Amino acid sequence: MDYLDAEKERRVTQLRKGILELAIMGSLYRQQHYGYSLVRVLTGDGSLLLKEGTVYPILTRLDKEGLVRSEWVESDQGPPRKYYSLTANGRKIFESLMPEFDQLVSLVKQSRNGAKSRQDQPLGERILVKREEKG
Amino acid sequence: MSHYPEVVEKIVQDYLQRVAIQLKRFPNSDQKELLKELGSHIYESYCAESDSEPVDRILEVLRKLGEPADVVAEKLHESLLSLKKLKKVPLSVLGGIVVGMFGLPLGFAGVAILLGGLGAMLGLVAAFFATATLLLVTGVTGMGLGLLRMLNPDLWDHLVAQGFIQFHGRIGQFFDLLSPATQGGILVFLFMAVAAAGLGMLWLSKRLLKGLRFLFDLMLDRAKSLFGRRRRRAFAGDPGWLKTPVSEAPSEEASISSSTSYSPIR
C-alpha cells in the first residue's frame, strides 16, 4: 500500500467515525435493534465498512448520555440480547442533527462543484481574476 | 453452558480475555457489560456465518469484530472526552471569574486585580519553597547535631562551652537529666520529623506548580479567546455567516468578482 492509499484509508476511517454515531441514531430512529442486528443494518448494503466492535462503545456512550435506552432480553437461540432504542431526547437530537448533516453535505458538494467550474475556466481568465483579486 | 464446539469456545474465550485486559482501566460494571455484549454479538455473528468450518467461521467473526485494542480504543477515546468535559466545569467557573473581572466598569481594574492575584500567587509559591527549604536544612542540621551528641559528646560539650549550642529554660533542664546517647537520639528523631516535613512539602510542590500552571494557562486561554472573539466581531462584516443556509450562500463567481471578499473559512 503506497502513501496515498494509506492516507486515503486514514481519512476515510475518520469520515466514517464522524458519521457512525449519526448512522446509529438513524437506524434506531426507525426501530429498536440489538447490537448485531444494528451492525447488519449499518453494513448491510456494503456502503459502510466498519470494525463491528466499534459500535458498542458508541452505544454505551449514547446510553450514558440518555439518548438511547437499553435492556437485556433473553433469547431462545443463545445468549441474551441487549436491545437499544432512541429516547425522546435522542429523537429530538437526531431530528435537529439531520438538517445540519444535510447542510454539511451540500457545502462539500457545492465547494467541489465550484472548484470544478473554476478549473474549467480558460487560463487567461483565471489570471485576470487573480489580478483583480490582488488589485 | 457453551454454545460452541470446544475449540471455538477456546478461541472466543481467548478473544474476550484479550478485550478484558484492554478494559482494565474501566469500571468493573462497564467491563462486564461490554464483554457480555461482545459475547452475544460473537454468537449471533457465528450463527450467521454458516457456510464454512467452525474454526474458519469464528475467525471470520472475530476479524469483522476487530482487534480488542481497536474496540477498546473507541471506548478510551470516549473516556478521554468525558475527562475533558469534567475539566471544563472548573474551567468555566474560573473563566467566568476572569471575564467578570474584565467586565468591571472601572476599566483597568480587572487587569490590576489579575496582576495582583498573580503577584500574590507568586508570593505564596516563594513562601512555600522558602519554608520547605528551611525545614529541610534545619532538619538535616539538627540530625547532624544529634549524631554528634551521640558519637562525640566531648566535641558537643566544647561547642556548648563556646556558646555555639545553647539550650535554655525547661528544655535545657530536661536535657540535663538525660544521658548523651538519649539526648542525641531525641534530637535525631525530632529533626528527622522536621526534615521529613520539608521533603513532604517539596514533594507536594510538584502538584502545586502543576496546579498553578494550569490556572495560569487557563486565565491566558480565556483572555485570548475573549479578545479574539471581540476582534472577530469587530472585523467580520457578517458574524452570522455560519448560520447562512448553504443554498443562500453567495456563489463563488460573486465572491471572486467582489475581489475584496473575506472568507472566515480559512
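The values are calculated or read from the model by the stated rules, or taken from the named source; none is laboratory data. Just so it is clear, the model here is predicted, and its values are computed rather than measured. So basically every Cβ, Gly included, is an ideal-geometry build from the backbone, and we count neighbours across all protein chains shown.
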### Task
Look at region A:39-68 and say how many of its residues are surrounded by 15 or more Cβ atoms within 10 Å (Cβ to Cβ), more than 9 Å from chain B (Cβ to nearest Cβ) and in contact (Cβ under 8 Å) with a residue 24 or more places away in the chain.
3
### Summary
Selection over region A:68-118 where residues are assigned to a helix (DSSP H, G or I) and hydroxyl-bearing (Ser, Thr, Tyr) yields a count of 4
### Query
For region A:25-32, does any single residue satisfy the condition of being at pLDDT 90 or above, more than 12 Å from chain B (Cβ to nearest Cβ), in a loop (DSSP other than H, G, I, E, B) and touching a strand residue (DSSP E or B) at 6+ places or on another chain (Cβ under 7 Å)?
yes
### Query
Residue check, residue B:63 against (1) more than 14 Å from residue A:56 (Cβ to Cβ); (2) within 13 Å of chain A (Cβ to nearest Cβ); (3) surrounded by 14 or more Cβ atoms within 10 Å (Cβ to Cβ); (4) charged (D, E, K, R), all met but one. Which one?
(3)
### Query
Taking interchain pairs and intrachain pairs at least six residues apart, which have beta carbon atoms under 6 angstrom, with the first residue in region A:69-86 and within 12 Å of another protein chain (Cβ to nearest Cβ) and the second outside any strand (DSSP E or B) and of a type in the set (D, E, K, R)?
A:70/A:63; A:82/B:37
### Message
Which pairs turn up if I take residues in region A:10-38 that are acidic (Asp, Glu) and look for partners that are in a helix (DSSP H, G or I) with beta carbon separation below 8 Å, at least 6 apart in sequence or on another chain?
### Response
A:21/A:58; A:21/A:62
### Message
Tell me whether region B:6-13 contains one or more residues that are at pLDDT 90 or above, under 21 Å from residue A:57 (Cα atoms) and more than 8 Å from chain A (Cβ to nearest Cβ).
### Response
yes
### Query
Looking at (1) facing another protein chain (nearest Cβ under 10 Å); (2) surrounded by fewer than 16 Cβ atoms within 10 Å (Cβ to Cβ); (3) under 16 Å from residue B:70 (Cβ atoms), can you tell me which one residue B:21 breaks?
(1)
### Message
Tally up the residues in region B:29-57 that are modelled with pLDDT of 85 or more and away from chain A (no Cβ under 14 Å), please.
### Response
5
### Of the criteria (1) surrounded by fewer than 17 Cβ atoms within 10 Å (Cβ to Cβ); (2) among the aliphatic types (A, V, I, L, M); (3) within 12 Å of chain B (Cβ to nearest Cβ); (4) not in a strand (DSSP E or B), which one residue A:22 fails
(3)
#### Entry: So residue B:87, is it assigned to a helix (DSSP H, G or I), more than 10 Å from chain A (Cβ to nearest Cβ) and either at pLDDT below 85 or surrounded by fewer than 12 Cβ atoms within 10 Å (Cβ to Cβ) (or both)
yes
### Some residue of region A:89-99 being surrounded by 14 or more Cβ atoms within 10 Å (Cβ to Cβ), within 30 Å of residue B:2 (Cβ to Cβ) and at pLDDT 90 or above
no
### Task
State the number of residues belonging to region B:155-188 that are under 15 Å from residue B:144 (Cβ atoms) and among the aliphatic types (A, V, I, L, M).
6
### Message
List the helices (runs of 4 or more DSSP H) inside region B:165-266, counting only whole elements, that have at least 2 residues being of a type in the set (A, V, I, L, M), surrounded by fewer than 13 Cβ atoms within 10 Å (Cβ to Cβ) and at pLDDT 80 or above.
### Response
B:180-235
